[in-house]
Every structure is written in C-alpha cells, then in structure tokens.
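Worksheet: the structure to be examined is printed underneath.
The values are calculated or read from the model by the stated rules, or taken from the named source; none is laboratory data. The model shown is predicted, which means the values in this text are computed figures rather than measured ones. Glycine also receives a Cβ, built like all others from the backbone with ideal geometry; neighbour counts cover every protein chain displayed. When the accessible area is computed, the model is the full protein with side chains, heavy atoms only, and any ligands, DNA or RNA have been set aside. Shrake-Rupley method; radii C 1.70, N 1.55, O 1.52, S 1.80 Å.
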Amino acid sequence: MIANRPHDPQPPSWPARRDAAVSRRAALGMALTMAVAACSSPGEPVARATYHPPFGGVTVPLPGARTGQTLDTWKRDVAAVADSGLRLIRAPLSSWVGSSPSGAKGLDFSTQLAKDNLRALDHAKEKGLSVLVATAGHAGGPYSGTAVAYIDVARQYLGALASRLGARVDAWQVFNEPDRGHFRTYAPVSPDPGYWLELRRTLDAGKEAISEALPGVPLTTNLGGWPCNDEVESSWVQALDVISPALDVIGLDCYCGTDLALIDALAGRVQRIGARYTKPVWIVETGAPVDPENRITAQTQGRYGAAHVQSLRRGGAAMVGWYDLRDPLAGAERGYGLLDSSWKPKPGFDTLVKELS
C-alpha cells in the first residue's frame, strides 16, 4: 500500500514514495521511442531523430529535489552512473524550479536552484547519459485552483520549462504516480472516471506544450505498482483506457518485494499491457529496498532485484528503471539505493548493474 508525502525538504515539489509499513515515495510529479537532440543549443526547439533508449536506467534526483542533493552531490552521482556503464538516468526535478522566491505570480527561472538544475543536466549530457526528466505540472506547492484553470497553468509551466531545458532532456515524465496522489494537490486519491478524464485533458495540454518546444520528445506518466498483483493490474487498465491516448509511452512502477510468484508474474502483466495499448512499456521504477519489514537485506537485494529485472525483460519491457541510485542522507527511502548514502556499493550492486545493462 502506498501513501503520499512531499519529497522535497520544502513544501511539495518532487512528491515522493512510501509504503504503509515503511515510507515509500509517491505523488508528483517512459516507455517508447525517445528522441535525442540533433545538435542544437539547449533551450532552442530542435529536430529529433528516433531514439531507442538503453534497456536499463536509474533514478538520480536533481539538485533540490531531495534533502541534501546539491550540484556537487549530483555530479558525484552522475560519475557513479557513468562509471557503472549504465547510460540512462531518470531525473526528478523540484517543482520549486520556476517558482518565484518572493511569492510573486508568474514563472521565475533566474533563481540559483534553476541555474543549478541546468548545470546539472549539462553535466549529465557531457557524460554521455540519456535523461528522462520527471516534473510536476506546475511550479511551487499544491495547487488550490480549479481543474479547468489548472489545464492552462500546466500548459504554460511545461511549455516554459521545456523551452529552458531544451536538448538537455530526451524524454519527459509529468506527474508521479497520479493514481496514488492527486496530480494537482498531491493529496491521497481514490480515482474515479472523472478524475482520469481530468488527467487526460491535462496530459493533452502538457504534451502539446512540450512538443511545441521540443518536437519529438515523448511524454509519459507512471502508475504505481505496489504490490504488483492482479488488483494493481486492473487499476492500470482502468486508468490507461482513459489516459493512454495522451501518452507516447506507457509508464509503470513494479514492486513485488520477496514474493517470487508475483515477481514471475510481472512478465505476463507487461505483455498484456503492451498488447492492449499497442505502445512500448517502460518500467519507470522497480526496486528491492533493503528493509527488515520488506524481508530484504543488503545480502539479498541483488537476488530479488535481479529477479524483478529478469521477469520484466521476459515480458518485453523496452526499458527498466531502478529506483534509485543512492540512499539519501536522511529520510524514509534509505534502503532503495544501489549505493549507500556514502556512495559505497551495496553487495548486490554488480549483479543489478549487469542485469540492467
């Protein structure tokens, strides 16, 4: 079971994950041909050639998107990814990028946080990494206006942000697990058909705005998957029957803990979703967090994580993203990383990097 909490040290930005027993991330705010920039300067509209992403990637939050994540720690994270041989990072971006520090209306991309995020993405591209950026649909904290007004807010924000990020990004995830937390307010949600229609209209507007600034860059959102069972698969179908036309790629999260039967069944779930919507499926997140209540230890993380990746590969997933690279210095998600908080590889590091390569 997944609940919601903000992922930033500030009011919600990259809303995060947690489970009922142990905090897991969920709510904010990849799977098809991604587009890679054809040699144009960052920030300018660019023509893009069809790009097939590496099979495996890993989440690395951008500066400000997690407590303690700075430009310097980002660079150290990126170096660890590049040295491992992986070539794709999913980069959650704080929704405070673009928000005015004074609280004034309108977007402000002149802040130090915004500048640090651009430098961070430049550094990733210099290291030869593909980037899936993951963003909210608006700047700042929870949105309190109407659903109709939000469509224009999202269109303006995503278009302006896409223009500034430019060739630094190869694909775009907007919102994070909107089936678990409301995409406007980040509050827990029990979706009904009206909610999915509202999300569909917002995704349509966001896709139009991003495509205008970055032609060919694919758009997705991710649906939660803990525990990844029949009930979760049914909830995916209910959502995707409405929102899939607005997506270039189907994005799913898949977590099964130590349940080997559920892990083995992931292959069939991916196959069925891919066949139903005739779009490639990317696993935006999977993982095996080290935690006593999940019955996963540092010594068994590699075993259970590898089983997840192998099953997803058998199912035809076009990409599998591991959540995440490194345990944070503090907070509720300390067990998810391939590395501990001091950048030391966990015992399963080599096994998992090999499976993701």
Practice task
Using Cα centres only, tell me the gap between the range 248-298 and the range 184-246 in whole Å.
Solution key: 17
Problem - Neighbour net charge for Asp204 - beta-carbon separation under 14 angstrom, K R +1, D E -1 - result: -1
Problem - Amide H contacts of Ile296 (H built 1.01 Å from N, under 5 Å, at least 5 apart or other chain) - result: Asp291
Completion exercise
Expected vector for the range 224-240, Karplus 3J(HN,Hα) from phi with 6.51, -1.76, 1.60 and θ = phi - 60°, integer Hz, x for Gly and Pro, equals x, x, 9, x, 7, 10, 4, 4, 5, 4, 4, 5, 4, 4, 4, 6, 5
Handout entry: Qualifying trypsin sites (Lys or Arg not before Pro) for the range 78-167 [loop in DSSP, other Cβ within 10 Å: at most 15]
Key = Lys105, Lys127
Practice task
Could you run the Karplus curve 6.51 cos²θ - 1.76 cosθ + 1.60 with θ = phi - 60° over the range 322-328 and give me ³J(HN,Hα) per residue in whole Hz, x for Gly and Pro?
Solution key: 8, 10, 10, 5, 9, 5, x
Handout entry: Highest average packing first - 186-194, 242-250, Cβ atoms within 10 Å
Key = 242-250, 186-194
Practice task
Return the carbon/sulfur percentage of the accessible area of the range 66-136, one whole number, probe 1.4 Å, all protein chains in place.
Solution key: 49
Completion exercise
To the nearest Å², the heavy-atom accessible area per residue of the range 128-276 with 1.4 Å probe amounts to 33
Exercise for the section: State the percentage of accessible surface on the range 223-340 attributable to carbon and sulfur atoms; use a 1.4 Å probe and exclude ligands, DNA and RNA. Expected result: 52
Problem - Listed pairs Lys115/Lys344; Lys75/Lys344; Lys115/Lys207; Lys127/Lys346; Lys115/Lys346 exceeding 26 Å between Cα atoms - result: Lys115/Lys344; Lys115/Lys346
